[in-house]
Amino acid sequence: MSHKATDEQSAIEVFTAEEYASRQQRVREKTAASGFDALFITDPANLYYLTGYNAWSFYMPQALVLPVDGKPLLLMREMDANGAHRTATGIDPEQILGYPEVMVHNEQMHPGEWMAEQMREHLGPASKHIGYENEAHFFTIRTFLALTSNLLDWKFSSCNDLINWVRLIKSDAEIAYLRKAGRVVTHAMQAGMDAIREGRPMNEVAAAISAAQINGVPGADGDYTAIVPMLPTGAAADTPHLTWTAAPLPAGEPISLEIAGAHHRYHAPLARTAVIGRSSERVRHLAAATVSGLEAALDTMRPGVTAHEVASTYQRVIQRAGYEKAPGSAIQSASATRPTGASAPSASAPMTKPCSKPGCVSTSSPDSGRTASVLKTPNRWW
């Protein structure tokens, strides 16, 4: 069953039809070059990037089938397909299909079986080579098995981060949204800092941050973020990804804030560390080393320089101060995203490929509580 926009509610056009068509074409070209006939795309951020589809439906099986030749096909739960045209303006409404509700949470049948039928019908019965995203968080084992067991004569292989590499270079419209996301996260961080005081429950600080994230700022409304506010505090400040409790904030101890701001799903992350009262000499020494390392890393960013080189610069500076950062994602690509992350995993260090084209946006995120976002232009980074 296909779905058309027949009601009076207009579609939400975040990007032009031409931009979606350009994105799809660039992905098609890489798809063909990789030896695939089509991609089976399940990462919700990639569905959004290629079609504009934006809803909290990714917990159920859904996929975009993008063939090298032919129209894309958006497959999802029927109740979601009914209104998908309101955001998925980058795809023909006739190409949005919904599987019956009876297939939801049914041990005897699965939407993957229905998806296989639709793919054979729309792509043709001949055997195909399909690329799928083997790291997509919401692509379950049962969906994969139901799909492949009903297309036994087709070949399925991982396409890895094929789409993410296309997403690495941003259009002018994307950069404008990222700048607005930066304004939102700056506002949210200030709200968090203003909420910090000795004895205040951590959840109240998280609430202040969340309200600021959603309210946004004039000219840049806030979207929900892919990560919740993270507030490792005191002795736990050395442990990333802790959220909050109702425990009172202590004086004299590090309070780490790692948050994001979002606008039209485009994210800008930001991290800071606060101390109520006077910090210890040890914390001040670490902070100074972190700032020096971050400034050196930003100075290193030039056209043709790899993410690995930038991360290594940071590492050398902090090593001179007696610190070591474990190898990891010091440099990440900033982009549109969904839970469970605030950046596209396409440019994490160590990385030996230079981002040599204008429009590459990255975040530099050392572990000690400071983050900077940078935009590469034809002549320099900002």
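None of the figures in this text is laboratory data; all of them are computed from the coordinates on show. Small disclaimer: the values here were computed from a predicted structure and weren't measured. So basically every Cβ, Gly included, is an ideal-geometry build from the backbone, and we count neighbours across all protein chains shown.
Work out the length of the dipole vector of segment 62-132 about its Cα centre, built from +1 on the beta-carbon of each Lys and Arg and -1 on the beta-carbon of each Asp and Glu, and round it to the nearest 20 debye.
220 debye
Counting each pair of different Cα atoms once, what's the Kirkwood radius of segment 1-160 in Å, rounded to one decimal?
Every distinct Cα pair counted, the radius reaches 15.7 Å.
Normalise the Debye intensity by I(0) for segment 177-308, one equal point scatterer per Cα, no solvent, then take log10 at q = 0.09, 0.14, 0.18 Å⁻¹ and round to two decimals.
-0.29, -0.69, -1.02
Give, as ranges by residue number, the residues of segment 106-142 whose backbone N falls under 18 Å from the point 7 Å along Cα→Cβ of Asp92.
118-125
What is the spread of the Cα atoms of segment 133-197 along each of their three principal axes, largest first, in whole Å?
60, 34, 14
Run the simple label-point estimate for Glu324 and Gln118 please: 7 Å along Cα→C-beta, distance reported in nm.
5.1 nm
Among Gly277, Tyr314, Ser292, pick out the residue whose Cα is farthest towards the positive end of the charge dipole of segment 259-317, where Lys and Arg carry +1 and Asp and Glu carry -1 on C-beta, about the Cα centre.
Toward the positive end, the furthest listed residue is Gly277.
Mind putting a number on the dipole of segment 91-219 about its Cα centre? Charges go on the C-beta only, +1 for Lys and Arg and -1 for Asp and Glu, and I need it in Debye to the nearest 20.
Around 540 debye, computed over segment 91-219.
I need two numbers for segment 183-226: Rg to one decimal and Dmax as a whole number, Cα atoms only, in Å.
Cα radius of gyration and Dmax of segment 183-226 are 10.6, 35 Å respectively.
Applying 1/(1 + (r/R0)^6) with R0 = 35 Å to the Cβ-Cβ distance of Asp194 and Arg316, what FRET efficiency is obtained, to the nearest 0.05?
Working from the Cβ atoms, E equals 0.45.
Tell me, what HN-Hα J-couplings in whole Hz come from the Karplus equation 6.51 cos²θ - 1.76 cosθ + 1.60 at θ = phi - 60° for each residue of segment 145-157, using x for Gly and Pro?
5, 5, 5, 6, 5, 9, 9, 5, 8, 9, 9, 10, 9
How many nm separate the modelled label positions at Asp299 and Asn106, each set 7 Å beyond the Cα in the direction of the Cβ?
Here the answer is 6.5 nm between the modelled labels.
Provide the per-residue ³J(HN,Hα) series for segment 299-314, in order, calculated from phi with Karplus coefficients 6.51, -1.76, 1.60 and θ = phi - 60°, each as a whole number of Hz, with x at glycine and proline positions.
5, 6, 5, 9, x, x, 7, 7, 4, 4, 5, 5, 5, 5, 4, 4
If segment 8-91 were replaced by its equivalent ellipsoid, with semi-axes equal to the square roots of 5 times the Cα gyration tensor eigenvalues, what would those be, largest first, whole Å?
22, 15, 10
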